[in-house]
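Chemist: Quick one: the structure is below, and I'll ask about it shortly.
The values are calculated or read from the model by the stated rules, or taken from the named source; none is laboratory data. Because the structure is a prediction, the values reported are computed rather than measured. Using ideal geometry, Cβ is built from the backbone for each residue, glycine included, and neighbour counts are taken over all protein chains shown. Just so you know, the surface numbers come from the protein's heavy atoms only, side chains and all, with ligands and any DNA or RNA stripped out. Shrake-Rupley method; radii C 1.70, N 1.55, O 1.52, S 1.80 Å.
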Amino acid sequence: MPELETKNGIEISVVIPLLDESESLPELAAWIERVMDENGFIYEIIFVDDGSRDNSWQVICDLAGKNRSILGIRFSRNYGKSAALYCGFEAACGRVVITMDADLQDSPDEIPELYRMIVEEGYDLVSGWKKQRHDPLGKRLPSKFYNATARFVSGIRLHDFNCGLKAYRLKVVKSIEVFGEMHRYIPILAKKAGFGRIGEKVVHHRARKYGVSKFGWGRMIKGYLDLITVMFISRFGKSPMYAFGGLGTLMFLVGGFTALWVIIDKLVKQAHSVPVRAVTDQPLFYIAITAVILGVQLFLAGFLGELINRNASDRNKYLIDERLHLTADRKNEGKDSNA
């Protein structure tokens, strides 16, 4: 598979989103530099400051002044991890892109093996698995349930979808769009884009050394809502009529036949002089009419979705992996044979 052209022969781009992590940045940068130098990698470190309110940006500037391989991106306010990763991916130009958190819980010593799995074993994406986590039970149990749900829904056999330590082939990060809170589901986005070789590596998880976690319980709710969103987009993003139209048609038919059955049942009983209630006195009739109305609305929603999709600028946007061009000699051969 042909690789995207890399800049200055850079082998590894390390993308690090951060928020108020000024204490850990010097130690993390020094650790990454040591690992890269020991393995002889040509690298770049991209720190993305997601609106920090401490002096994280000043620390990044100081580090960049000492090491030309360190780059920095600064947001005017906090936009979230997905936005930080998106901008980091856009700036990255290494053959392999590594993402990791800035809190020193991810070990840079994992980088050489992650790089090898991408380059030598041919993976498109390798996700870390924090098999032994140094987190409180209140974070571990919800995480296990969340990961089990993500595995069941997506069919991707990963134990830790949300692990910040991941490795990507450059083409992967240039082909996906991370938005909202979708950083949790990058493996699903990559699979949707046609990158099916997704692997996993057990990584060492360290206890937080400085500061406190920036994520609370709210991320669990957002995580499940985003899972529903990404799965719907993956399956029906290009054909909303299949989802809304199919469900709408089913509800319309069930409601219509139920209402018809209620009416016919009344007429048959009246013909045999059997006492019956008026159709409008039966709750089942109103349930059936409601199903018909909802079915029509869902069908129209799918129809409008198809109209919007037809007029979208990227409706025929597909990821082309390779393209074979005819050489001049072969073109001339074709002309001669047609003559």
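Residue by residue, here is whether (1) touching a Phe, Trp or Tyr at 6+ places or on another chain (Cβ under 8 Å); (2) farther than 30 Å from ILE308 by Cα; (3) open to solvent by 40 Å² or more (accessible area, probe 1.4 Å) holds:
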site: SER239; (1), (2), (3): no, no, no
site: LEU247; (1), (2), (3): no, no, yes
site: VAL254; (1), (2), (3): no, no, yes
site: LYS266; (1), (2), (3): no, yes, yes
site: LYS269; (1), (2), (3): no, yes, yes
site: VAL274; (1), (2), (3): no, yes, yes
site: PRO283; (1), (2), (3): no, yes, yes
site: TYR286; (1), (2), (3): no, yes, yes
site: ILE289; (1), (2), (3): no, no, yes
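Chemist: Scan (1) of a type in the set (A, V, I, L, M); (2) over 21 Å from GLY94 (Cβ atoms); (3) surrounded by fewer than 21 Cβ atoms within 10 Å (Cβ to Cβ); (4) touching a residue at least 24 places away in the same chain (Cβ under 8 Å) for the single condition MET182 breaks and write down its number.
Modeler: (3)
Chemist: Taking the range 15-36 on its own, how many of its residues are closer than 16 Å to GLU110 by Cβ, crowded, with 21+ Cβ neighbours inside 10 Å and touching a helix residue (DSSP H, G or I) at 6+ places or on another chain (Cβ under 6 Å)?
Modeler: Looking only at that region, the number is 2.
Chemist: Restricting to the range 47-57, count the residues that are in contact (Cβ under 8 Å) with a residue 24 or more places away in the chain, outside any loop (DSSP other than H, G, I, E, B) and farther than 25 Å from LYS171 by Cβ.
Modeler: Total meeting the criteria: 2.
Chemist: Within the range 128-156, count every residue that is at pLDDT 80 or above and in contact with a helix residue (DSSP H, G or I) (Cβ under 6 Å, 6 or more places away or on another chain).
Modeler: 1
Chemist: Here is a follow-up. Does the range 202-214 include one or more residues that are modelled with pLDDT of 75 or more, surrounded by fewer than 18 Cβ atoms within 10 Å (Cβ to Cβ), assigned to a strand (DSSP E or B) and not small (Gly, Ala, Ser)?
Modeler: Yes: the range 202-214 contains one or more residues that are modelled with pLDDT of 75 or more, surrounded by fewer than 18 Cβ atoms within 10 Å (Cβ to Cβ), assigned to a strand (DSSP E or B) and not small (Gly, Ala, Ser).
Chemist: Could you figure out which of (1) among the charged types (D, E, K, R); (2) in contact with a Gly (Cβ under 8 Å, 6 or more places away or on another chain); (3) in a loop (DSSP other than H, G, I, E, B) isn't true of GLU44?
Modeler: Against the list (1) among the charged types (D, E, K, R); (2) in contact with a Gly (Cβ under 8 Å, 6 or more places away or on another chain); (3) in a loop (DSSP other than H, G, I, E, B), GLU44 comes up short only on (3).
Chemist: From the list GLY72, GLY65, pick out the single residue that is part of a strand (DSSP E or B) and of a type in the set (Gly, Ala, Ser).
Modeler: Answer to the check: GLY72.
Chemist: On to the next question. Could you please find all residues in the range 97-110 being within 22 Å of the chain's Cα centre (by Cα) and closer than 18 Å to GLU38 by Cα?
Modeler: Passing the criteria: only ILE98.
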